[in-house]
Amino acid sequence: MRPKAMVLAATMALAGVLVGCSSSAGTQQPQTAAPGQTAAGAGQTAAAGDACGLLTPSEITTATGLAVTGNGVPALGGGKECHWELEPGKNVEGVAFERFVDVSIFGRSYFDGAAAVQPAPETVPGIGDQAVYASDVLVALKGDRSFALTVTLHEAGNGTAELTTKEHDAALSLGKLAAPRF
């Protein structure tokens, strides 16, 4: 689980909400569609537990304006997480930092926890059965499963209002693409 998703999970835990997230002992390299290929194709659903089948690199590039450069090793095993690395950024000192899109698959309790975060999260219509944007993470519910989608384009602590808006808008755009495949 990546930093923003961990912050959301910690916030939910502090609020007394049980988060049903387990980690696998082993890690595996995620498989994604090559640039230009579709993940699950129109009208198809990604296999249960296949986070990498929810989005394509070209969709991510379109939403973020940055090229997908590779995949990181997911913190959650069994296809429950996919981490797409984007072109790295550079801070004012010229030091490179990671930019990425991350999707993690959870059960219903993760969505319930995100929806209960205070202050109340933004309700997002048109994504899955229900969706909220809480602590810079889009969490969508479909049936008894949820996915958390994070777009990180700035270095921790050095974001601007413009970048925060861009991350928000990219997460919502990508969530609308991922939900029908979920």
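Things worth noting here:
- Yes/no for residue 139 being at pLDDT below 95 and either of a type in the set (A, V, I, L, M) or within 21 Å of residue 56 (Cα to Cα) (or both): no
- Exclusive hit being farther than 15 Å from residue 104 by Cβ, surrounded by fewer than 19 Cβ atoms within 10 Å (Cβ to Cβ), at pLDDT below 95 and not hydrophobic (A, V, I, L, M, F, W, C), set 130, 118: 118
- None of 76, 55 is at pLDDT 95 or above and outside any strand (DSSP E or B) except 55.
- Checking the range 155-169 against the condition returns no match, with no residue being in contact (Cβ under 8 Å) with a residue 40 or more places away in the chain, under 20 Å from residue 54 (Cβ atoms) and aliphatic (A, V, I, L, M).
- Of the listed requirements (1) in contact with a His (Cβ under 9 Å, 6 or more places away or on another chain); (2) of a type in the set (A, V, I, L, M); (3) assigned to a strand (DSSP E or B); (4) in contact (Cβ under 8 Å) with a residue 40 or more places away in the chain, residue 140 misses just one: (1).
- Residues satisfying the stated conditions in the range 107-129, i.e. touching a Phe, Trp or Tyr at 6+ places or on another chain (Cβ under 7 Å) and not in a loop (DSSP other than H, G, I, E, B): 122
- Residue check, residue 146 assigned to a helix (DSSP H, G or I) and modelled with pLDDT of 95 or more: no
- Of all residues in the range 67-81, those being surrounded by 20 or more Cβ atoms within 10 Å (Cβ to Cβ) and either within 12 Å of residue 99 (Cα to Cα) or of a type in the set (A, V, I, L, M) (or both) number 2.
- Matching residues, the range 50-74, being among the small types (Gly, Ala, Ser) and under 11 Å from residue 170 (Cα atoms): 63, 65
The values are calculated or read from the model by the stated rules, or taken from the named source; none is laboratory data. Model, not experiment: these values are computed from the prediction. We place every Cβ from the backbone using ideal geometry, glycine too, and count neighbours over all the protein chains shown.
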